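Just below is one structure, and these are the notes that go with it.
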Amino acid sequence: MLAMIERAGGAPVRIPAGRMLIDGKWCEAADGRTITVYDPATEDKIAEIAAGSADDIGRAVDAAQRCFESTLWQKMRPIDRGRLLEKLAILIERDADELARLETLDNGKPYFVSRNVDMQFAIDALRYYGGWASKVNGEYITLSPLFDDGGTYRAYTDRRPVGVVGGITPWNFPLGQAIQKIAPAIAFGCTIVLKPSEEASLTTLRLGELILEAGLPDGAVNIVTGYGQEAGQALVDHPKVRKIAFTGSTATGQRILQASARHMKRVTLELGGKSPTIILADADLDKAIPGAANAIFPNSGQVCTAGSRLFIEASVFDEVSAGVARIASELRLGSGFDPDTQLGPLISARQIERVSALVASGLDEGAVPLCGAARNGQKGYFYQPTVLTGGRAGMRIAREEVFGPVVIAMPINDLRQIKSLANDTEFGLGASIWTRDLNKAHLLAAEIDAGTVWINTHNVLDTSMPFGGVKLSGLGREFGTEVVHAYTEPRAVCMRL
Ligand code: NAD
């Protein structure tokens, strides 16, 4: 069932084709439909994946529910669930080169990024969550009864897995996002049906093979590929799914939140952003200028925490914006398999149209490009790294998430404005502050409405640090100690002694 593809820089890549993982078995969509997958760097067809329907989701949820209720799963020692995740980490380590090539083929990102960032993140996250499996504790509570009836009242809590989880992931970090949903679900004793993005499902399917090899019980992890509005929506609507763990756009997150109300599903929503990078005049500009470029351009700007609004103190505005533009115009675009490539393509024709339209709206509203502002090349979905100035807070380009390599630079004329400039957005995912004055940095960090504020760095993620957004950037947190609450429910047991 696996086709080989030779295009990938000489090394053949195995393509998982047309199948989904349900109840520990590979199967085609019940109605046989498929989705064609294209290489975003060449626009060539590379694979067909199954277009799962509500029927397929139903079978997968039934399998996940059976596994969840099984004696095998209920009695499995937490430490052994952790060992399954460790085994999976070892298998990904073994196959990391091949998985990284597949990620690059499917998503377009440079191979060195797939190999050193995406694969390492997946491995680390499996180990991090594997450790959690045996560290879930309840509380012992002394009560204060309203009436003295001679009794002594105590309560304890235990944390129980929420049940079957529906995981839904986007295309920008496909394997890493899949692990981000699967690993905590398994660690905390849930089972899961995962619906990867139709734009980039191949490494998640390959992961399914490793999940079987690692020996997870049938039905513990099911992977159903398909369109969001069909398979994704069916997963969200399914009454037996007790929690949706979603990463994707704010618009889809809002739909999911509404639909989840019907069955009162638990949700974690990791959504979009319009994160500010704030550079003060006293910053070490030798670090802050490349730092601002690094905040926006990696993964061709397709990063939820991308620093897409660049606020620069007026006295250094020209120096910083020109510096970021110089770095942007020197970035090398190309095939992710070319070792010289620094930026790959955007994911799809739809995405390049969206980025082009938003940049055009910015130019119409008076923004001035210092570089870029155009597609790159005739083939593939490449967009030139773009730095715009002349920005004002009201412009669409300064308000909407672009999800491309585009930053709009705006001056800070009065330091007292920083808080209101940074927070003047519907989003609240990330922010970075660049200054040598750490006192100022911490005071400012406390004023910014964002899930993560970085100081003299940007986009540093770590599985031990809680991650998520405020405002339209989401609900709940993944990673860190917060993750326990996302996949377990406390049950209080109250007693009279
Ligand atoms: P998207 O919302 O279009 O799709 C995400 C996933 O949701 C896909 O699997 C899709 O098939 C599915 N989906 C679409 N409609 C659905 C529906 N009605 N019901 C259920 N599922 C549905 O997002 P995208 O374009 O794939 O990803 C880009 C977005 O993801 C950006 O907004 C980005 O900021 C966000 N993102 C956020 C984070 C974070 O952690 N906050 C991380 C990465 C990406």
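The values are calculated or read from the model by the stated rules, or taken from the named source; none is laboratory data. The shown structure was predicted, so the numbers you read here are calculated from the model rather than taken from an experiment. Cβ coordinates were reconstructed from backbone atoms using ideal geometry, including for glycine residues, and neighbour counts include every protein chain displayed.
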Considering only residues that are surrounded by fewer than 23 Cβ atoms within 10 Å (Cβ to Cβ) and within 27 Å of residue 163 (Cβ to Cβ), which ones fall in segment 13-50? 19, 23, 24, 25, 26, 27, 29, 30
Kindly check whether there is at least one residue in segment 83-91 that is part of a helix (DSSP H, G or I), of a type outside the set (D, E, K, R), without any contact (Cβ under 8 Å) to a residue 40 or more places away in the chain and surrounded by fewer than 21 Cβ atoms within 10 Å (Cβ to Cβ). yes
Give 210, 194 a once-over and let me know the one that is part of a helix (DSSP H, G or I) and of a type outside the set (Gly, Ala, Ser). 210
Say whether the condition of being more than 9 Å from the ligand (Cβ to nearest atom) and surrounded by fewer than 24 Cβ atoms within 10 Å (Cβ to Cβ) is met by at least one residue in segment 189-201. yes
Listed residues 41, 29; which is in a loop (DSSP other than H, G, I, E, B), at pLDDT 95 or above and over 18 Å from residue 223 (Cα atoms)? 41
So how many residues does segment 248-291 have that are within 16 Å of the ligand (Cβ to nearest atom), among the small types (Gly, Ala, Ser) and free of Cβ contacts under 8 Å to residues at least 40 places away in the same chain? 4
Say we look at segment 154-188 and pick out the residues that are part of a strand (DSSP E or B) and away from the ligand (no atom under 16 Å from the Cβ); which of these is nearest to residue 236 (Cα to Cα)? 161
Exclusive hit being over 30 Å from residue 466 (Cβ atoms) and within 16 Å of the ligand (Cβ to nearest atom), set 352, 296: 352
Among the numbered criteria (1) within 14 Å of the ligand (Cβ to nearest atom); (2) under 21 Å from the mean Cα position of the chain (by Cα); (3) in contact (Cβ under 8 Å) with a residue 12 or more places away in the chain; (4) over 23 Å from residue 479 (Cα atoms), which one does residue 238 miss? (2)
I'm trying to understand the selection: among the residues of segment 50-76, which are free of Cβ contacts under 8 Å to residues at least 40 places away in the same chain and basic (Lys, Arg)? 59, 75
Residue check: is residue 392 more than 23 Å from the chain's Cα centre (by Cα), of a type in the set (Lys, Arg) and modelled with pLDDT under 95? yes
Of the criteria (1) surrounded by fewer than 24 Cβ atoms within 10 Å (Cβ to Cβ); (2) touching a Pro at 6+ places or on another chain (Cβ under 9 Å), which one residue 257 fails: (2)
